[in-house]
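S.K.: The structure's right below; bear with me while I get my questions together.
The values are calculated or read from the model by the stated rules, or taken from the named source; none is laboratory data. Only a predicted model underlies this, so the values are computations on that prediction, with no experimental measurement involved. Ideal geometry is used to build each Cβ from the backbone, glycine not excepted, and the neighbour counts take in all protein chains shown. SASA here: full protein model, heavy atoms, side chains in, ligands and nucleic acids out. Shrake-Rupley method; radii C 1.70, N 1.55, O 1.52, S 1.80 Å.
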Amino acid sequence: MLNFNGKKFVSIDNSSNGEVSSKTFFEYTQEGHILSASYSGGEIVKGTLIGIVDNKGNLNFKYNHVNTKNEIRGGQCYSTPEVLEDGRIRLHEKWKWQDRDQAEGTSVIEEVL
């Protein structure tokens, strides 16, 4: 199982209806199969996520954040890991807003050292 504890990620791609950008940084914590993270930057003032890591390193989590418009946004995300040649992790994400519009999207975040 991959361990995400202490790892930091940045967005490298996102659907146009997402709010995460290349200015958004994530800091992950993992305890057993429980994953949590805080994130901020770009349109995101402050965000948190919590979820589960399965035995293959896939992530299933819920996220909530406050954006620069002082809106509370939230949704659900499923991420599939890819281990890069240099050992860093890239996460391929499928997400869905669970607030006002229920829109779906995809994103990619990548570990930064």
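S.K.: Just need a number here: residues in the stretch 1-20 that are touching a Gly at 6+ places or on another chain (Cβ under 6 Å) and open to solvent by less than 40 Å² (accessible area, probe 1.4 Å).
M.R.: Summing the residues that are touching a Gly at 6+ places or on another chain (Cβ under 6 Å) and open to solvent by less than 40 Å² (accessible area, probe 1.4 Å) in the stretch 1-20 gives 2.
S.K.: Quick one: how many residues across the stretch 22-35 are open to solvent by 40 Å² or more (accessible area, probe 1.4 Å) and closer than 18 Å to V108 by Cα?
M.R.: Matching residues across the stretch 22-35 total 4.
S.K.: I'd like to verify a number: residues in the stretch 58-68 that are part of a loop (DSSP other than H, G, I, E, B) and open to solvent by 60 Å² or more (accessible area, probe 1.4 Å), how many?
M.R.: Looking only at that region, the number is 1.
S.K.: Residues of the stretch 8-24 being under 12 Å from the mean Cα position of the chain (by Cα) and touching a residue at least 60 places away in the same chain (Cβ under 8 Å), which ones?
M.R.: Of everything in the stretch 8-24, those that are under 12 Å from the mean Cα position of the chain (by Cα) and touching a residue at least 60 places away in the same chain (Cβ under 8 Å) turn out to be K8, F9, V10, S11, I12, D13, N14, G18, V20.
S.K.: Additional query: From (1) touching a strand residue (DSSP E or B) at 6+ places or on another chain (Cβ under 7 Å); (2) in contact (Cβ under 8 Å) with a residue 40 or more places away in the chain, pick out the condition that doesn't hold for N55.
M.R.: N55 satisfies every listed condition except (1).
S.K.: Out of the residues in the stretch 94-106 that are touching a Lys or Arg at 6+ places or on another chain (Cβ under 6 Å) and not in a loop (DSSP other than H, G, I, E, B), which is farthest from E71 (Cα to Cα)?
M.R.: Checked the stretch 94-106; the qualifying residue farthest from E71 (Cα to Cα) is T106.
S.K.: Filter the stretch 1-57 down to the residues that are among the β-branched types (V, I, T) and either modelled with pLDDT under 95 or in a loop (DSSP other than H, G, I, E, B) (or both) and list them by number.
M.R.: Within the stretch 1-57, V20, T24 meet the criteria.
S.K.: May I ask you to verify whether E43 is more than 13 Å from the chain's Cα centre (by Cα), of a type in the set (D, E) and surrounded by 15 or more Cβ atoms within 10 Å (Cβ to Cβ)?
M.R.: Spelling it out, E43 is indeed more than 13 Å from the chain's Cα centre (by Cα), of a type in the set (D, E) and surrounded by 15 or more Cβ atoms within 10 Å (Cβ to Cβ).
Here is a yes/no grid of residues against (1) among the charged types (D, E, K, R); (2) part of a strand (DSSP E or B); (3) exposed (fewer than 13 other Cβ atoms within 10 Å of the Cβ); (4) on the phi > 0 side of the Ramachandran plot:
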{"site": "N70", "(1), (2), (3), (4)": "no, no, yes, yes"}
{"site": "R73", "(1), (2), (3), (4)": "yes, yes, no, no"}
{"site": "E85", "(1), (2), (3), (4)": "yes, no, yes, no"}
{"site": "H92", "(1), (2), (3), (4)": "no, yes, no, no"}
{"site": "V108", "(1), (2), (3), (4)": "no, yes, no, no"}
